[in-house]
Amino acid sequence: MSRHLSTSLPRVLAVLPAIMPSTTIGVAKPLKRLHRERRLRVILTLESLVSRRRVAGADLIVFCRNTEPAVNHALEWAKELRKPIIYELDDDFFTIPVAVPGGVYHRRPERLNQLRDYLASASLI
């Protein structure tokens, strides 16, 4: 992404659990387009790699499909620093059938509780 973007543009940090169709289609592609159009400054990172410095430097934090309690530090930092949060929700993990691929994983109580925390913390879903 270009280094010549205005510093007055909103700085958006997208913190993704992985590169997968949902995060690419729902978050990465739209944000990268806005970045190319010079409407936002965007940084994409994985939740396992995000730093507190990146969260502190952002004006807005975007999450998508983040539900893993072991790597929720970006959410905690965003709340502590009072950063606005967008959570992009593409599947209802509360009702996803356990018979579909990933259903058992997403229906685990600790992940559903973590999802509730993301949703409760979000300024926009």
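The values are calculated or read from the model by the stated rules, or taken from the named source; none is laboratory data. Every value quoted in this text rests on a predicted model; they were computed, and no experiment measured them. Glycine gets a Cβ as well: all are built from the backbone with ideal geometry, and neighbour counts include every protein chain shown. Side chains are part of the model used for accessible areas, which takes the heavy atoms of the whole protein and leaves out ligands, DNA and RNA. Shrake-Rupley method; radii C 1.70, N 1.55, O 1.52, S 1.80 Å.
Of all positions in the stretch 7-20, none carries a residue that is open to solvent by 60 Å² or more (accessible area, probe 1.4 Å), of a type in the set (K, R) and either under 15 Å from D117 (Cα atoms) or in a helix (DSSP H, G or I) (or both).
Please verify whether the stretch 40-48 includes one or more residues that are assigned to a helix (DSSP H, G or I) and touching a helix residue (DSSP H, G or I) at 6+ places or on another chain (Cβ under 7 Å). Within the stretch 40-48 (the criterion being assigned to a helix (DSSP H, G or I) and touching a helix residue (DSSP H, G or I) at 6+ places or on another chain (Cβ under 7 Å)), the answer is no, since none of the residues qualifies. Going through L124, L34, L119 one at a time, which residue ends up being of a type in the set (A, V, I, L, M), in contact with a strand residue (DSSP E or B) (Cβ under 8 Å, 6 or more places away or on another chain) and farther than 28 Å from S8 by Cα? Exactly one of L124, L34, L119 is of a type in the set (A, V, I, L, M), in contact with a strand residue (DSSP E or B) (Cβ under 8 Å, 6 or more places away or on another chain) and farther than 28 Å from S8 by Cα, namely L119. Just a yes or no: is a residue in the stretch 62-84 in a loop (DSSP other than H, G, I, E, B), touching a Phe, Trp or Tyr at 6+ places or on another chain (Cβ under 9 Å) and either more than 14 Å from P17 (Cα to Cα) or of a type in the set (G, A, S) (or both)? Yes, the stretch 62-84 has at least one match. Evaluate the following for L44: is it without any contact (Cβ under 8 Å) to a residue 60 or more places away in the chain and within 18 Å of Y87 (Cβ to Cβ)? For L44, the condition - without any contact (Cβ under 8 Å) to a residue 60 or more places away in the chain and within 18 Å of Y87 (Cβ to Cβ) - is met.
Look at the stretch 107-125 and say how many of its residues are open to solvent by 80 Å² or more (accessible area, probe 1.4 Å), among the aliphatic types (A, V, I, L, M) and in a helix (DSSP H, G or I). Residues flagged as open to solvent by 80 Å² or more (accessible area, probe 1.4 Å), among the aliphatic types (A, V, I, L, M) and in a helix (DSSP H, G or I) within the stretch 107-125 amount to 1. Figure legend. Inter-residue proximity from the stretch 64-76: first residues closer than 13 Å to D117 by Cα and touching a residue at least 24 places away in the same chain (Cβ under 8 Å), second residues aromatic (F, W, Y) and in a helix (DSSP H, G or I), beta-carbon distance below 9 Å, spacing 6+ or different chains. Indicated pairs: N66/Y118; T67/Y105; T67/Y118; N72/Y118; L75/Y118. Scanning the stretch 63-78 for residues being of a type in the set (V, I, T) and open to solvent by 10 Å² or more (accessible area, probe 1.4 Å) gives a total of 1.
If I filter the stretch 85-94 down to residues being among the aliphatic types (A, V, I, L, M) and modelled with pLDDT of 95 or more, which single residue comes out as surrounded by the most Cβ atoms within 10 Å (Cβ to Cβ)? The selected residue is I85. The residues in the stretch 49-61 that are among the hydrophobic types (A, V, I, L, M, F, W, C), touching a helix residue (DSSP H, G or I) at 6+ places or on another chain (Cβ under 8 Å) and outside any loop (DSSP other than H, G, I, E, B) can be counted, and the count is 3. Of the residues making up the stretch 95-106, those that are open to solvent by 40 Å² or more (accessible area, probe 1.4 Å) and either of a type in the set (V, I, T) or at pLDDT 95 or above (or both) number 4.
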